[in-house]
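Student: Before I ask anything, here is the structure I am working with.
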Amino acid sequence: MRCFIAINLYEKLRTDIGKATEPLRKAGTDVKWVASENLHITLKFLGETTDETVNDIIRIMEPKSRSLKSFDIKFHGIGAFPDWRRPRVIWIGITKPERLIRLQENIEEIAIALGYNREKRTFSSHLTIGRVKSLKNIDSLMRAAGELKLMDFGNIRAGRISLMKSELKPAGAEYTTLAEFELNKEEQ
């Protein structure tokens with residue numbers, strides 16, 4: 001099964017982001033938008049994973065997560081990878097991501113210990129909201145995005161991380177939570 005480790009967003013924030021980004025969806029561009037119920041921050045894409053490895057991840061992550069502190073995540077602004085001239089991914093930014101970066105580094109080390117390869121790209125804290133398929137009407141998308149570049153989309157308390165399964169279906173990816181790991185809620 002295809003798996004990844006992520007922070008899932010709360011329903012209210014997913015709904016708020018969906019409403020705020022509606023002008024982007026109406027721009028008439030060739031973008032595959034992420035369904036609001038699928039919005040998440042990927043910490044580590046694992047890829048094909050056996051049942052045995054899922055059990056190993058759960059066994060290691062349960063005690064490890066309790067040593068990691070919960071923290072706030074603020075979603076602010078909008079951008080594109082690699083840039084707006086050649087966008088492939090449309091994203092919402094995350095401000096002051098130091099705690100998120102440390103969490104991702106911990107997850108990366110656990111994955112490496114389980115035999116996964118180290119991610120070649122540097123972790124970039126963001127929330128993917130769309131994948132550009134072609135540059136059709138890209139100017140319209142850029143105008144709509146200009147209105148959101150400085151927008152605050154909301155925030156969440158990252159209090160748990162999830163081991164997720166991804167199934168590719170004709171209507172798009174369907175995600176299932178395999179396990180959740182609570183982070184330590186003590187203030188730091």
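The values are calculated or read from the model by the stated rules, or taken from the named source; none is laboratory data. Fair warning: this is a prediction, and the values are worked out from it, not measured in the lab. Quick reminder, even Gly has a Cβ in these numbers, built from the backbone with ideal geometry, and neighbours come from all protein chains shown. The area values use the complete protein model at the heavy-atom level, side chains included, leaving out ligands, DNA and RNA. Shrake-Rupley method; radii C 1.70, N 1.55, O 1.52, S 1.80 Å.
Student: Farther than 16 Å from CYS3 by Cα, out of contact with any Gly (no Cβ under 8 Å at 6 or more places or on another chain) and modelled with pLDDT of 95 or more: does that describe ILE73? It would help to see each step written out before you state the result.
Tutor: On the way: farther than 16 Å from CYS3 by Cα: yes; out of contact with any Gly (no Cβ under 8 Å at 6 or more places or on another chain): yes; modelled with pLDDT of 95 or more: yes.
When the stated conditions are applied, ILE73 passes them.
Student: Is it the case that some residue within the range 45-52 is of a type in the set (S, T, N, Q) and touching a strand residue (DSSP E or B) at 6+ places or on another chain (Cβ under 6 Å)? Before the answer, list the steps.
Tutor: Initially, the range 45-52 is screened for residues of a type in the set (S, T, N, Q), giving 49-50.
Next cut, touching a strand residue (DSSP E or B) at 6+ places or on another chain (Cβ under 6 Å) only: 49.
Yes: one or more hits.
Student: Of the conditions (1) closer than 25 Å to ILE138 by Cα; (2) without any contact (Cβ under 8 Å) to a residue 12 or more places away in the chain, TRP91 clears all except one; give me its number.
Tutor: The number of the failed condition is (2).
Student: Then there is this: Here is a list of conditions, (1) over 21 Å from ALA171 (Cα atoms); (2) at pLDDT 95 or above; (3) open to solvent by 20 Å² or more (accessible area, probe 1.4 Å), and ARG14 meets all of them except one; can you say which number that is?
Tutor: For ARG14, the failing item is (1).
Student: Spot the failing condition for ARG86; the list is (1) part of a helix (DSSP H, G or I); (2) open to solvent by 40 Å² or more (accessible area, probe 1.4 Å), and only one is missed.
Tutor: ARG86 satisfies every listed condition except (1).
Student: ILE78 - would you say it is open to solvent by less than 30 Å² (accessible area, probe 1.4 Å) and either modelled with pLDDT of 95 or more or within 16 Å of LEU183 (Cβ to Cβ) (or both)? Talk me through it step by step, then tell me what you get.
Tutor: On the way: open to solvent by less than 30 Å² (accessible area, probe 1.4 Å): yes; either modelled with pLDDT of 95 or more or within 16 Å of LEU183 (Cβ to Cβ) (or both): yes.
Yes; evaluated as a whole, the condition is true for this residue.
Student: Here's a check for you: in the range 112-136, which residue that is among the hydrophobic types (A, V, I, L, M, F, W, C) and not in a loop (DSSP other than H, G, I, E, B) is most open to solvent (accessible area, probe 1.4 Å)? First the steps, then the outcome.
Tutor: Let us first name the residues in the range 112-136 that are among the hydrophobic types (A, V, I, L, M, F, W, C), namely 112-114, 123, 127, 129, 132, 135.
When the remaining residues are screened for being not in a loop (DSSP other than H, G, I, E, B), the result is 112-113, 127, 129, 132.
Values: ILE112: 53, ALA113: 87, LEU127: 0, ILE129: 1, VAL132: 24 Å².
By that ranking, first place goes to ALA113.
Student: Look at the range 137-188 and say how many of its residues are open to solvent by 50 Å² or more (accessible area, probe 1.4 Å), under 25 Å from PRO23 (Cα atoms), outside any loop (DSSP other than H, G, I, E, B) and out of contact with any Asp or Glu (no Cβ under 7 Å at 6 or more places or on another chain).
Tutor: 4
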